[in-house]
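See structure below.
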Amino acid sequence: MFAKSWKMFGWMGITGVCASALCAPTLGARYADVPGYYEPGSNVDVVFGSDPIERFDNAQAALGGPGQQVALSQGTLTEIVSLGGWTDDPTTGTNNRTPGLVVGFSIEVLNAPGNDLLVVGNAPAAFTFYEPGFIEVAIESDGGGAIPNGWQNETFYLIKPGNYNQITDPRTSNNPITITSNPDFSLNYSAPFDDDTNLPGYFDVTPGGDGFNISDAIDLAGNAVNLNSIAYVRLRSVSDSAFPFGTSLAPDVDYLQVVELPGDIDADGFVGITDLNLVLSNWNNAVPAGAQSQGDPNGDGFVGIDDLNLVLSNWNAGTPPPPSSNVPEPATALMLVCTMTLLSLRRRGYSSKSFPDHL
Ligand SMILES: [Ca+2]
Ligand SMILES: [Ca+2]
Ligand SMILES: [Ca+2]
Ligand SMILES: [Ca+2]
């Protein structure tokens, strides 16, 4: 495998190759960036005092990163969208879709070791107030990242909640939660939703966001499914219950952030020779847009120099796989030769090519 890579490395020429410290492209954070659909649940949150009624129902709020605002129907700006309470019979929206919010990622989200995505709601840090929602994921079966309306022919799988064995499957049934208030206005939630510090697999629970692992995906029968990557996420409430002060338990979404190691396109938790080989073995090929696992980490549908630079610029990041793997160990030597070649080109009067500021 390595011999092949070296050969291809020679074919493509060294011009434009970027060794890490010399010209690293910025490896920015990634967020949901493809709209899917919004099928509101029951009692979507209303802007306090609004007349006429203004709801937190602009699903665009879930796209992009922190701080990005959208306007609601009366002009109020917000970062969040309210999903409403659990229902299987939405009274608003187009009514022919599973209730919930679907968003996509134009570059596939790989299932690397540990959590792969962070869902940020609006659970406050100052006091205990959470609105647990459940998470489903789907691949793009055309290969690669999310495409407009691509969710329509995909199967969604549930991220198995930590208390799955104590509830009814939230895809098929409401899970009522009784919430009572104490004299100091703090809230009690009924079991098995009573401990907000231990509700893995739900979102809008933890201040700052809730991470989840694609490896926790299960099918309708409760069996684990093996997904190497996903392109779509669906979010909805687990309950149609209400708080003592009247408003519905309706989870909110601010943004979804990819938890990833840029350049680790084989998702083994380390940026090294196996990632480089993925780029080289697909070199100059067109691939489905967003298919970073096919050697295209910048997701533009073509495997080329920008992808190579993306891998090299994060070279050696992460935790190396155990030495028992059958991968030879030329990573360090490769980087050394890379660097020396570039330096030699510079000495001979070549300027370093300009590389994109961001990818
Ligand atoms: Ca994972
Ligand atoms: Ca909330
Ligand atoms: Ca890797
Ligand atoms: Ca590319």
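Rule-based calculations on the coordinates, nothing more; no lab input. For clarity, every value in this text was computed on a predicted model and none was experimentally measured. Using ideal geometry, Cβ is built from the backbone for each residue, glycine included, and neighbour counts are taken over all protein chains shown.
Which ³J(HN,Hα) values, rounded to whole Hz and listed in residue order, are derived for segment 168-178 from phi using the Karplus coefficients 6.51, -1.76 and 1.60 in 6.51 cos²θ - 1.76 cosθ + 1.60 with θ = phi - 60°, glycine and proline given as x?
8, 3, x, 6, 10, 8, 5, 10, x, 10, 8
For segment 29-261, what Kirkwood radius comes out of the mean inverse Cα-Cα distance, in Å?
17.7 Å
What is the projected area of the convex hull of the Cα atoms of segment 131-190, averaged over all directions, in nm²?
It is 6.3 nm².
Please give the charge dipole size of segment 29-261, origin at the Cα centre, charges +1 on K and R Cβ atoms and -1 on D and E Cβ atoms. Round to the nearest 20 debye.
Using only the charged Cβ atoms, the result is roughly 140 debye.
Can you sort Val44, Val233, Val205 by how many other beta carbons sit within 10 Å, fewest first?
Exposure proxy ranking, most exposed first: Val44, Val205, Val233.
Starting with the highest mean, order 137-149, 303-315, 217-229 by the number of other Cβ atoms within 10 Å, averaged over the residues of each peptide.
303-315, 137-149, 217-229
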